[in-house]
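The values are calculated or read from the model by the stated rules, or taken from the named source; none is laboratory data. Because the structure is a prediction, the values reported are computed rather than measured. No Cβ is skipped: glycine too gets one built from the backbone with ideal geometry, and neighbour counts run over all protein chains shown.
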Amino acid sequence: MRFIRTARATAIAAAAFAVVATTALSAAADPAFTPDSDDVVIVGSDTSELVLDDLMNLYNGRTPTPARRIASFDATGSSTITIRPGVTITRPNGSGAGISALCSRTDIDSARSSRGKQAGDCADATFLPFAKDQLRWMRNSSATGVTSLTDAQLTSIYNCQVTNWSQLGGNNLPIVPLIPQINSGTRATWAGLVSIDSTNLPSCVKDSVNGSPVQEHDPAPVAATSGAIAPVSVGRYGLLTPAQQSGTALGTIPAPDSNAYDRTLYQVVKSVGGVVPDYLADLFGDGFGSSSTGGTPFICEPSDNDPATTTAGDVIKANGFVELGAACGVA
């Protein structure tokens, strides 16, 4: 799902960095060039695709132009992408698909991920954190009277134990729990939080609407389904226009439960002999929070609150995420 960049564009523009607006389902934010053998090809998570688009534009716009440009391909758009001259592959959609592509190929350098490492990931996959996301829930506007749900209530909903909004103080309306498509990192994270099997879903939990897979953070399936509820990134939801939010509402999770629903966003790379390659360490960290020369990796550059300059931290904040500080780039 592609989002029109309103609040994000305004915030970054205020930091002297222009972002070009795109429309829904546009692949315009894919690299405008075919990556060569030196460029850094990135695929994977929907959650962090927009912030990586902006970081790509910031990094590639440096003077002189970096020898290794960033080429970050979005999770959705055309069915295929050309990642090197003459090399076209099926577009990886989601954290799991991106990590699988990274692990199985030598022409992909990094995968965006909104989940941590799992047993099925390749042994040399190194997860380098760069931001914190707040995972919450959105509902169809037809469900009224409920604006906050505890961890226990969300778990009961997704385990088919609470099936009507009236059981939670809302109106008399069946609850339809939605969850993103199988390769989504949000699906994996949410399933763990609400204690369900992400592969074998409970009977009441749906990952498709009208025959189409539920794309993470896309409000359309929720708006189209009376009584629906689905997980969503607060940062991603906040970037929607009022028209795109129409038919849905963002819900909250009270403290201290909300802490469990905050998660880390990663850039995943393959280490070589346990060492992150220098060119990737310079971008995302060496696993210890430094670049190959001991400096600050590009993605870990903190926000400087200077309107005359733009850092990676400025971009991360403008996208609705939280900087990690000293934890950035530490595996």
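Residues considered: Val19, Val41. Of these, the only one that is assigned by TED's automatic domain parsing to the domain that holds Ile108, at pLDDT 95 or above and of a type outside the set (Gly, Ala, Ser) is Val41. So, Ala111, is that one crowded, with 24+ Cβ neighbours inside 10 Å and either part of a helix (DSSP H, G or I) or not β-branched (Val, Ile, Thr) (or both) or not? Yes. Among the candidates Asp262, Asp278, the residue that is at negative phi and in contact with a Lys or Arg (Cβ under 8 Å, 6 or more places away or on another chain) is uniquely Asp262. Evaluate the following for Leu178: is it in the same structural domain as Ser148 (by TED's automatic domain parsing), under 23 Å from Gly98 (Cα atoms) and of a type in the set (A, V, I, L, M)? Yes: the conditions hold for Leu178.
If you take the residues of the stretch 149-158 that are under 25 Å from the mean Cα position of the chain (by Cα) and of a type in the set (S, T, N, Q), which of them is surrounded by the most Cβ atoms within 10 Å (Cβ to Cβ)? Step by step, filter the stretch 149-158, then rank; the result is Gln153. Residue-level check: of (1) closer than 30 Å to Leu102 by Cβ; (2) in contact (Cβ under 8 Å) with a residue 12 or more places away in the chain, Ala308 misses just (1). Within the stretch 149-204, being assigned to a helix (DSSP H, G or I), in contact with a Gly (Cβ under 9 Å, 6 or more places away or on another chain) and closer than 20 Å to Ala224 by Cα holds for Trp165, Arg187. Quick one: is Cys122 of a type in the set (A, V, I, L, M, F, W, C), in contact with an Asp or Glu (Cβ under 7 Å, 6 or more places away or on another chain) and either touching a residue at least 24 places away in the same chain (Cβ under 8 Å) or crowded, with 24+ Cβ neighbours inside 10 Å (or both)? Spelling it out, it is not the case that Cys122 is of a type in the set (A, V, I, L, M, F, W, C), in contact with an Asp or Glu (Cβ under 7 Å, 6 or more places away or on another chain) and either touching a residue at least 24 places away in the same chain (Cβ under 8 Å) or crowded, with 24+ Cβ neighbours inside 10 Å (or both). The helices (runs of 4 or more DSSP H) found wholly in the stretch 205-297 and carrying at least 2 residues that are farther than 25 Å from Ile182 by Cβ occupy 242-245, 257-260, 278-284.
If I filter the stretch 71-80 for residues that are charged (D, E, K, R) and modelled with pLDDT of 95 or more, do I get at least one hit? Checked against the condition, which is being charged (D, E, K, R) and modelled with pLDDT of 95 or more, the stretch 71-80 yields at least one hit. What tally of residues in the stretch 45-69 results from selecting those that are β-branched (Val, Ile, Thr) and either surrounded by 24 or more Cβ atoms within 10 Å (Cβ to Cβ) or in contact with an Asp or Glu (Cβ under 6 Å, 6 or more places away or on another chain) (or both)? Count: 2. Here Val176, Val194 are screened, and the one residue that is of a type in the set (Val, Ile, Thr) and touching a helix residue (DSSP H, G or I) at 6+ places or on another chain (Cβ under 6 Å) is Val194.
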